[in-house]
Amino acid sequence: MPAQVSCRGFPIIASLALSECLILTPSPSSSAEALLRVAPDMAIVDQVILQRLASDVPLVGQVAQYIIGAGGKRVRPALLLLMCQALGCQDPRRHALAAVVEFIHTATLLHDDVVDESTLRRGRDTANQVFGNAASVLVGDFLYSRAFQMMVDAGNMRIMQVLADATNVIAEGEVLQLMNMHDAYLDEQAYLRVIRAKTAKLFEASARLAAILAGTDADTEARCAAYGQALGAAFQVVDDVLDYEGDVSELGKNLGDDLREGKMTLPLISTLRHCQPDEAQRIRSAIETGDTDQLESIVLMVRQSGGLAHARATAMAEAQRAIDAAHALPPSAASAALVQLAAVLLERRS
């Protein structure tokens, strides 16, 4: 991993230019500023989403609009649009494909919350809490199928291949995570395999789609895909960190959910490498049983052992990989925004 230095108290990666120091010490609104460039395009995407949610079955629209209307960061569709800008692409299909990406992501959320028995997302009751598990699963299926209808509308087999492959890999990642539940001996390599499938793959596909729409060469497409994959991996690692250090009012979900669900994430994996045997046994027991009674003491162990620091360092390395890929794109305000987006991701609190 590259050497780290400090800028205004925030660790940065030494290979970054000093002029980027301010980017890596962001205000809370910095990520919004990075995506401000695509705000007009996102407004069009929102219109597409509303139009394509239409169904003759009222419950479909109610459930879908409930979860989509909850807000969220919309990072994946925004990434597709921002990458299009960086590549000078004005293809009118970009808005529909950004909506497709959001539909696929929303479908995974509906299914995930049922599998994980989650009760809180984005600061309010999950759809399965409000409408029931059956409705959530079936509306998730509707969103997947509507996404595939829209892929066909794009009229490009390469686009369909990328999105179909991504959806399949995401499903495999979710099954793999299910198999790993309550596995107290999961290692870092296995953890990274899961997050690169279930989270990073859709980021990768979003960035790759922009390159396909722009008609770039293979090398540029690969750089765009590398940016998306690295950004997605960093995003998920930070998300897992927040489960042990976040604030529920900011995070929008219950703290300790990962422990309750038996998910062995990077902060715990790192902690187990450095804590005392009795502490390790306490963590493994909690993972195996889903018992959160020891949550407070486990959080303390994670912080004192350097588990959070290691996880954030891993996220930082992935962010650096994304930044390197963005620097290889043609210089522009949009490519600079891609650099900023990767940098400020490390400071997100929700």
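Among the residues of region 333-347, is any closer than 30 Å to GLY228 by Cβ, at pLDDT below 95 and of a type in the set (D, E, K, R)?
Looking for residues that are closer than 30 Å to GLY228 by Cβ, at pLDDT below 95 and of a type in the set (D, E, K, R), one finds at least one in region 333-347, hence yes.
Say we look at region 162-183 and pick out the residues that are part of a helix (DSSP H, G or I) and touching a residue at least 60 places away in the same chain (Cβ under 8 Å); which of these is nearest to ILE104 (Cα to Cα)?
THR167
Kindly indicate which of LEU24, LEU87, LEU82 is of a type outside the set (Gly, Ala, Ser), at pLDDT below 90 and over 25 Å from GLY140 (Cβ atoms).
Answer to the check: LEU24.
Which residue, of LEU87, LEU50, LEU81, is among the hydrophobic types (A, V, I, L, M, F, W, C), over 29 Å from LEU178 (Cβ atoms) and in contact with an Asp or Glu (Cβ under 8 Å, 6 or more places away or on another chain)?
LEU81
Across region 270-288, which residue is farthest from TYR185 (Cα to Cα) among those that are touching a Gly at 6+ places or on another chain (Cβ under 8 Å) and of a type in the set (Val, Ile, Thr)?
THR271
I'd like to check something: does region 143-161 contain any residue that is surrounded by 19 or more Cβ atoms within 10 Å (Cβ to Cβ) and not in a helix (DSSP H, G or I)?
No, every residue in region 143-161 fails to be surrounded by 19 or more Cβ atoms within 10 Å (Cβ to Cβ) and not in a helix (DSSP H, G or I).
Select the helices (runs of 4 or more DSSP H) contained entirely in region 266-343, then report the ones holding at least 3 residues which are among the aliphatic types (A, V, I, L, M), at positive phi and out of contact with any helix residue (DSSP H, G or I) (no Cβ under 7 Å at 6 or more places or on another chain).
none
Can we say MET301 is touching a strand residue (DSSP E or B) at 6+ places or on another chain (Cβ under 8 Å) and either modelled with pLDDT of 90 or more or surrounded by 15 or more Cβ atoms within 10 Å (Cβ to Cβ) (or both)?
No, not satisfied.
I'd like to check something: does region 248-270 contain any residue that is buried (at least 21 other Cβ atoms within 10 Å of the Cβ), farther than 30 Å from ALA222 by Cβ, modelled with pLDDT of 95 or more and polar (S, T, N, Q)?
Yes: one or more hits.
Quick one: in region 76-133, which of the residues that are assigned to a loop (DSSP other than H, G, I, E, B), small (Gly, Ala, Ser) and in contact (Cβ under 8 Å) with a residue 12 or more places away in the chain is surrounded by the most Cβ atoms within 10 Å (Cβ to Cβ)?
Ranking the qualifying residues of region 76-133, first place goes to SER118.
Output the qualifying pairs, or none if there are none: Cβ atoms under 9 angstrom, residues six or more apart or on different chains, first residue in region 207-229 and free of Cβ contacts under 8 Å to residues at least 24 places away in the same chain and in a helix (DSSP H, G or I), second residue surrounded by 24 or more Cβ atoms within 10 Å (Cβ to Cβ) and among the acidic types (Asp, Glu).
ALA225/GLU204
Which numbered condition trips up LEU186, out of (1) outside any loop (DSSP other than H, G, I, E, B); (2) crowded, with 19+ Cβ neighbours inside 10 Å; (3) modelled with pLDDT of 95 or more?
(1)
State all residues of region 61-118 that are hydroxyl-bearing (Ser, Thr, Tyr) and within 14 Å of the chain's Cα centre (by Cα); if no residue qualifies, say none.
THR106, THR108
The values are calculated or read from the model by the stated rules, or taken from the named source; none is laboratory data. As the structure is a prediction and not an experimental result, all values here were calculated from the model. Every residue, glycine as well, gets a Cβ built from its backbone with ideal geometry; the counts of neighbours run over all protein chains shown.
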